[in-house]
Amino acid sequence: MFNNLSEKLDKALHVLKGHGSITEVNVAETLKEVRRALLDADVNFKIAKNFTNTVKEKALGQNVLTTLQPGQLMVKIVKDELTQLMGGDVEGINMSGTPTIILMSGLQGSGKTTFSGKLANFLKNKKTKKPLLVACDVYRPAAVDQLHVVGDQIKVDVYSDKGNTDPVAIAQAGIAHAKQNGHNVVIIDTAGRLAVDEAMMTEISNIHKAIQPQETLFVVDSMTGQDAVNTAKAFNDVLNFDGVILTKLDGDTRGGAAISIKSVVNKPIKFIGTGEKMEAIDVFYPSRMADRILG
Ligand code: GDP
């Protein structure tokens, strides 16, 4: 995960680490390298620039040039800023509501169905939760079948209605089914498209309005870099979602999406997907991610 970025940041900061004392020139050069590493990781130019400016201000504010171990202090400042950029404190899922309704949104192929299963499994393992998965993709019968396969695998019930072409009606019927059958969490998997289009946005917005979920999650493939950030913005404009799920972090992803998304949509990343298996889900901890990036 983020190997390239980690290596580049390590190289950039390495120059300062060995120094007992450093100069303003050292700091400026290091920050230039840090910025370059962020840009290479597909972080938006403005975000990368703001980031290094903030680090510089903090470094000067904390008299980095005159401390005993300026290199360590710089690493700490960069780590703290990276944590802030990715979200600061950890935010969980709003589990109020009987049942709690969780709506999944995102493009086709982003990992919505897989993540719906992972989340259901994660919650089911908490013992007090009895989730129901609801299949609202009315365009791709294969997507409905896929959710059933996932449900069988994790032993979680799945509600679907294959002949029905109205996703709002299916979502509502799914919630009614949950109430009748003692499910206290309903996870609604929806249809995505390959790119943002008006029909998809209208549909997800209609479902959102009709069921008023406690939690609306936006799922995005971390491999798509700045596109991930643009898609997040488009969905957030329509749904004002509560959190982001970043998938496929096990792949050769550069890191731009993880670093940029929070500051663009001002919504936290809540979970990450780290593989195709149902267990490959992790709560997103910005500080741990910063530790990981900076080694
Ligand atoms: P959907 O169209 O948004 O429902 O996406 P899917 O859940 O069908 O996922 C699309 C593809 O991505 C599938 O082949 C999944 O197995 C794969 N996938 C989903 N999440 C992850 C992940 O975190 N890591 C990896 N490596 N693959 C994933």
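The values are calculated or read from the model by the stated rules, or taken from the named source; none is laboratory data. Quick caveat: nothing in here was measured; it's all calculated off a predicted structure. Positions of Cβ are generated from backbone atoms using ideal geometry, with glycine treated the same way; all protein chains shown enter the neighbour counts. Just the protein is used for accessible areas: all its heavy atoms, side chains included, with ligands, DNA and RNA removed. Shrake-Rupley method; radii C 1.70, N 1.55, O 1.52, S 1.80 Å.
Summary of computed values
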| item | result |
| --- | --- |
| Euclidean distance between Cα centres, segment 58-89 to segment 96-130, Å | 37 Å |
| List 148, 183, ordered by accessible area with a 1.4 Å probe, largest first | 148, 183 |
| With 10 Å bins from 0: P(r) over the chain, alpha-carbon pairs, percent | 7, 28, 29, 18, 11, 6, 1, 0 |
| Reciprocal of mean inverse Cα separation for segment 145-295 (Kirkwood radius, Å) | 16.9 Å |
| Residues of segment 72-169: accessible area per residue with a 1.4 Å probe, Å² | 44 Å² |
| Straight-distance crosslink candidates among lysines, where the alpha carbon sits under 27 Å from residue 179 and sequence neighbours closer than 8 are dropped | 112, 118, 124, 126, 127, 129, 130, 155, 162, 209, 270 |
| Sum of side-chain charges, residue 34 neighbourhood, beta-carbon under 12 Å (Lys, Arg +1; Asp, Glu -1) | +3 |
| Calculated on alpha-carbon atoms, Rg and Dmax of segment 75-157 in Å | 16.6, 51 |
| Cβ crowding within 10 Å averaged over residues, with 154-160, 95-101 ranked highest first | 154-160, 95-101 |
| Cross-link partners of residue 248 among aspartates and glutamates (Cα-Cα below 14 Å; sequence separation of 8 or more within a chain) | 221, 276, 279, 282 |
